[in-house]
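One structure below.
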Amino acid sequence: MAPILARLWRSWPARIAAVSVLVLGAGAVTLTTRGGTAPAPMGEVLPVPVSVRPAADISYTLAPDAAVHTEAGSAEAAQVGAYLAGLLRPSTGYALPVVQDGQESGVSLLLTGADPVVGSEGYQLDVTEEAVVIRARTGTGLFNGVQTLRQLLPPRIESATAVPGPWTVRGGRIVDYPRFPYRGAMLDVARHFHPVETVRRYIDRIVLYKINHLHLHLSDDQGWRIAVDSRPRLTEYGGRTQVGGGPGGHYTKAQYREIVEYAAQRHVTVVPEIDLPGHTNAVLASYAELNCDGKARKPYTGTDVGFSTLCTTKEESYAFVKDVLGEIAALTPGPYLHIGGDEATATPPERYAAFMNRVQPMVAATGKTVMGWHQIGEPEVRHQEGRVLQYWGRTGADPLVAGAVAKGARVVMSPANRAYLDMKYDEETVPGQKWAGYVEVRDAYDWDPGSHLEDVPASAVLGVEAPLWTEAISTEKEIEYMAFPRLPAIAELGWSPRATHDWTAFARRLGAQGPRWAAMDLGFHHSPQVTWDGQAG
Ligand code: NGO
């Protein structure tokens, strides 16, 4: 490659543009990459299902007059039916009425007759010549079955405009349920603010891979992002900054409720995080009395960490925390309230535990379960019933986490060198950081959340989460590029049985997502570790 071309190639937007040009320039390739027509082989979905039984020579093709039939009398099944019809109408151009008659024809979503192993989140999917029937015990199970059906349909089903079918699904039976109950994605809306529409689209994308928690990092040194009625300056002043000095922003309570509601309709639980007692410069700039010296800090737009702390010896700080947590809890139907607790290096060590020992019970008093970065596992911080530590270290052994687990804590696994979506893929990646090393898609996939940490048994692991910090990520396209294809890797670790772990098979199923993402207009990293369908080697 000529040097100027090589330099251009290194910039990722140019890479995407170049690939699009190549793809559009080659008719045959265009067909497959820009929304292929071939149905996926039965079970070639992501995360890989627990059990797949293909029925050779059988397939179902969606007819133009097909309907979505849902369990009679069930509002939750009808809601999933409406969601499915909404997904299929734009590309098929079919009317797809939703009828609550429980019939087994077209696509049926039923709350009876599923194999009991599916539990509360799983489903059974049967494809015959006559119908696709998804059975589950809950609306969530049906919703997960719908995500599988989506991937069994040809990739161009994701097109926003009508495209020719046929809309064929290969025959057989899938019985499927998750390994871990918590499968999360985190978005840092504090370092760079991201508007409601971006969050909505992120939710739409993560659910395709059966992610069921969205953790929002709502406050940090560079900005406060959620309206708190009792402390209006948090957003009026503390929300007007972000990394690099942009305008910042925040969610009103109505907007935040809209996000929570949008997520709930997609069977996603929002986990709000207010990071304490460090990562609080935006608070300390907004309210002078929360500083030990009583002097307001200047707004901060850099990317350092570990320099700010609430004054842990002042009662004002506890009144502040109580008010804020109370208001956030009231906006939160989900069980968890995340209180950060990471990198509190500006908090005197003896004060950190005393602070957490007062704050954890405040969370419990709101009726919520404590979640925090794994530093809240410090031995001096008391165990709080049900609490969840989020591990973000880089080693396979952490006595602090093991000690907290021995007292009853559960763990969500987000090892930075595996699960952090803000890490660069390689030296050519433009957005992101590299303090935890480069994380290519195989690094994100090749580990086991159940045995990653010494003395933390799989039974103490609640699940996995892929955090997307945004110090060096400011646009939605960058979010997509960093999350895909690594987020589906973490999603598969959270859902699929350990026995299915196999890089070659995973990489093949991942490569098949390429045309789907192209049809969704999702810009992803064309990892050289994967052969992307419709694109030679
Ligand atoms: C660390 C730090 C964050 C950074 C992130 C960047 C945790 C839990 N605290 O992760 O403040 O944004 O790394 O990768």
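The values are calculated or read from the model by the stated rules, or taken from the named source; none is laboratory data. Because the structure is predicted, anything quoted here is derived from the model rather than measured. Because the Cβ atoms are built from the backbone with ideal geometry, glycine has one as well, and the counts that use them run over all protein chains shown.
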Does D455 satisfy the condition of being within 16 Å of H525 (Cα to Cα), away from the ligand (no atom under 14 Å from the Cβ) and not hydroxyl-bearing (S, T, Y)? no
For segment 460-537, which helices (runs of 4 or more DSSP H) that fit wholly inside it have 1 or more residues that are within 16 Å of the ligand (Cβ to nearest atom) and among the acidic types (D, E)? 476-483
If you go through segment 170-203 one residue at a time, how many are within 14 Å of the ligand (Cβ to nearest atom) and not in a strand (DSSP E or B)? 4
If you go through I157, I206, the only one that is crowded, with 24+ Cβ neighbours inside 10 Å, away from the ligand (no atom under 16 Å from the Cβ) and in the same structural domain as K477 (by TED's automatic domain parsing) is I206
Qualifying positions in segment 353-380 - within 16 Å of the ligand (Cβ to nearest atom) and either within 23 Å of L216 (Cα to Cα) or aliphatic (A, V, I, L, M) (or both): M356, V370, M371, G372, W373, H374, Q375, I376, G377
Give segment 497-524 a look and list any residue that's among the polar types (S, T, N, Q) and surrounded by 22 or more Cβ atoms within 10 Å (Cβ to Cβ), or say none. Q513
When (1) within 16 Å of the ligand (Cβ to nearest atom); (2) surrounded by fewer than 22 Cβ atoms within 10 Å (Cβ to Cβ); (3) in a helix (DSSP H, G or I) are applied to A436, the one that fails is (3)
Exclusive hit being away from the ligand (no atom under 16 Å from the Cβ), under 28 Å from the mean Cα position of the chain (by Cα) and assigned by TED's automatic domain parsing to the domain that holds L214, set G341, G334, G302: G334
Which residue pairs have Cβ atoms under 8 Å apart, sit 6 or more places apart or on different chains, and have a first residue in segment 407-427 that is without any contact (Cβ under 8 Å) to a residue 24 or more places away in the chain and more than 17 Å from W447 (Cβ to Cβ) and a second that is within 11 Å of the ligand (Cβ to nearest atom) and part of a loop (DSSP other than H, G, I, E, B)? K424/G432; K424/K434; K424/V439
Name the residue that is nearest to the ligand (Cβ to nearest atom), counting only residues in segment 209-227 that are of a type in the set (A, V, I, L, M) and either in a helix (DSSP H, G or I) or farther than 19 Å from R183 by Cβ (or both). L218
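The rows are residues; the columns are (1) more than 13 Å from V359 (Cβ to Cβ); (2) without any contact (Cβ under 8 Å) to a residue 60 or more places away in the chain; (3) among the hydrophobic types (A, V, I, L, M, F, W, C).
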site: C311; (1), (2), (3): yes, yes, yes
site: E316; (1), (2), (3): yes, yes, no
site: F320; (1), (2), (3): no, no, yes
site: L325; (1), (2), (3): no, yes, yes
Are any residues in segment 116-136 buried (at least 21 other Cβ atoms within 10 Å of the Cβ) and part of a loop (DSSP other than H, G, I, E, B), and if so, which ones? E121, G122, A136
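The rows are residues; the columns are (1) within 27 Å of V270 (Cα to Cα); (2) basic (K, R); (3) out of contact with any Ser or Thr (no Cβ under 8 Å at 6 or more places or on another chain).
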position	(1), (2), (3)
A346	no, no, no
P361	yes, no, yes
Q384	yes, no, yes
A397	no, no, yes
A409	yes, no, yes
Here is a list: G113, G141. Which entry is in contact with a strand residue (DSSP E or B) (Cβ under 7 Å, 6 or more places away or on another chain) and not in a loop (DSSP other than H, G, I, E, B)? G141
